[in-house]
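Structure record follows, encoded as structure tokens.
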Amino acid sequence: MSYRVVEYDSGPGCLPGMEALINEWAANGYRLDQVVRRSTYQWLLIFSSLS
């Protein structure tokens, strides 16, 4: 199983952009496994390959 770690900066607009990013990775065959909050607007999203 391969994993991908994606850094995400939500800015003041917050999570609607993160949801779009998660959907984009899902369309490419990845599943969201974990979200780690690094600071107010900084996030790490950890995806695993479905294949």
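The values are calculated or read from the model by the stated rules, or taken from the named source; none is laboratory data. Predicted model, so just to flag it, every value in this text is computed and none were measured. So basically every Cβ, Gly included, is an ideal-geometry build from the backbone, and we count neighbours across all protein chains shown. SASA here: full protein model, heavy atoms, side chains in, ligands and nucleic acids out. Shrake-Rupley method; radii C 1.70, N 1.55, O 1.52, S 1.80 Å.
Would you work out what percent of the accessible area of the chain, with all protein chains in place, is carbon or sulfur (probe 1.4 Å)? Of all accessible area on the chain, carbon and sulfur atoms account for 52 percent. The label point for Ala20 and the one for Tyr3, both projected 7 Å from the Cα toward the Cβ, are 2.8 nm apart. Once the 1.4 Å probe is applied to the protein heavy atoms, the chain comes out at 70 Å² accessible per residue. Using the alpha-carbon positions of the chain, Rg (one decimal) and Dmax (whole number) come out as 10.9, 35 Å. Considering only Gly29, Gly17, Tyr3, and ranking their Cα positions along the charge dipole of the chain that arises from unit charges at the beta-carbon of Lys, Arg, Asp and Glu, the one farthest toward the positive end is Tyr3. The magnitude of the dipole of the chain, with charges of +1 and -1 set on the Cβ of Lys/Arg and Asp/Glu and taken from the Cα centre, is near 120 debye.
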